[in-house]
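**Student:** I have a structure here, written as C-alpha cells, and I will follow up with some questions on it.
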Amino acid sequence: MEDINIRQPQQAQVTGDVVLRFTGSVEKSELREGLKAAGTFRRLRWLAAAGALFIALLGVRVDAEGGSVNIGLVAAAAVYATVFALLAPRQIVTHALRAQQAHEGADCVVDGTGIAAVRDGADIKRLGWDAMTRYHETPSLYVVVGRTGLRTWVMVLPKRLLTAPDAELLGAGLDSRLRRG
C-alpha cells in the first residue's frame, strides 16, 4: 500500500477559492463502490435484461396452430444476459483501475475551476465544474459524475485520503456546485 501524502488546503492565487490537494491511490473496492453508487451497474443490468428479453422474444413464434420456441435464440438471450450482467461490470472496474493507475503519483487538486490530476505542477487531466452533473456521497467516498460529449465519466474521491475537516470542506464545495444524485 502506498503512503498517503495529505497537504493542508491552500489559498489559490488566481481564483481566491480554497484549494484541496491530496495524493493517494484509489483501491479496486472503492472503484467498485463508486461505480455502484453512480448507478453504472444498475443501468447495465437494465440493458442486459432488455436485450435478453428482446433476443428471447425473437425466438418465440405464435401462429394459429400454436407456437414454437427457437431454443438457439433463447440460449443466445441467456448468454447475452450473463455477459452484460456478470462479466461487463468486472471489465468496467478493471478498465477504471487501469485508467486510475495511469495517473499514479499525481496530486488531486480541487479548486475554483474544477478537479484536476496534477504531476510536477502541470495538469495531466482537468475536469471543469461545468462538465460535472452530480455527485453521490457514501460513508467512505465522494463520487462525481459528469459528461463530456456523449461520454459519461465517474470520478471517485476516497475520504480516507483527506483529513476530517478537508472531507467536510470538499463535501460543502461539491454541495454548492453540484446536485446530489
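**Student:** Please list 3J(HN,Hα) in residue order for region 127-136, calculated via the Karplus relation 6.51 cos²θ - 1.76 cosθ + 1.60 where θ = phi - 60°; whole Hz, with x for glycine and proline.
**Tutor:** Those phi angles translate into 10, x, 4, 5, 7, 8, 9, 7, 9, 10 Hz.
**Student:** Could you work out how far the C-alpha centroid of region 126-168 sits from that of region 87-116, in angstrom?
**Tutor:** First find each Cα centre; the distance between them is then 11 Å.
**Student:** Given R₀ = 30 Å, what would the calculated FRET efficiency be for Arg151 paired with Val74, taking r from the Cβ atoms and rounding to 0.05?
**Tutor:** After rounding, the FRET efficiency stands at 0.35.
**Student:** Counting only helical runs of four or more DSSP H residues, what would the 222 nm mean residue ellipticity of the chain come to if each run contributes -39,500 (n - 2.57) and the total is spread over all its residues?
**Tutor:** -12500 deg cm²/dmol
**Student:** Follow-up question, since we're still on this one. Taking every pair of alpha-carbon atoms in the chain, give the share separated by more than 23 Å as a whole percent.
**Tutor:** 50
**Student:** Can you list residues from other chains, or at least 5 along the same chain, whose modelled amide H is less than 5 Å from the amide H of Asn70?
**Tutor:** Val60, Arg61
**Student:** Still on this structure: Using the Cα gyration tensor of region 141-181, with a ≥ b ≥ c the square roots of its eigenvalues, what is the shape: rounded (a/c below 1.5), prolate (a/b larger than b/c) or oblate (neither)?
**Tutor:** Oblate.
**Student:** Tell me which residues come under 5 Å, amide H to amide H, from Arg134 once H is placed; ignore anything under 5 positions away on its chain.
**Tutor:** Residues meeting the criterion, in which the H sits 1.01 Å from N, are Val145.
**Student:** With a 1.4 Å probe and all protein chains kept in place, how much accessible area does Thr82 have, in Å² rounded to the nearest 10?
**Tutor:** Thr82 has an accessible surface of roughly 70 Å² with all protein chains in place.
**Student:** Can you give the FRET efficiency for Ser140 and Arg180, using 1/(1 + (r/R0)^6), R0 = 25 Å, r = Cβ-Cβ distance, to the nearest 0.05?
**Tutor:** Taking R0 as 25 Å, the efficiency between Ser140 and Arg180 is 0.90.
**Student:** Let me ask another. Under the classification rounded if a/c is under 1.5, otherwise prolate if a/b is larger than b/c and oblate if not, where does region 97-171 fall, given a ≥ b ≥ c as square roots of the Cα gyration tensor eigenvalues?
**Tutor:** It comes out rounded by the Cα gyration axes.
The values are calculated or read from the model by the stated rules, or taken from the named source; none is laboratory data. Because the structure is a prediction, the values reported are computed rather than measured. Positions of Cβ are generated from backbone atoms using ideal geometry, with glycine treated the same way; all protein chains shown enter the neighbour counts. Protein only, heavy atoms only, side chains kept; ligands, DNA and RNA dropped before computing areas. Shrake-Rupley method; radii C 1.70, N 1.55, O 1.52, S 1.80 Å.
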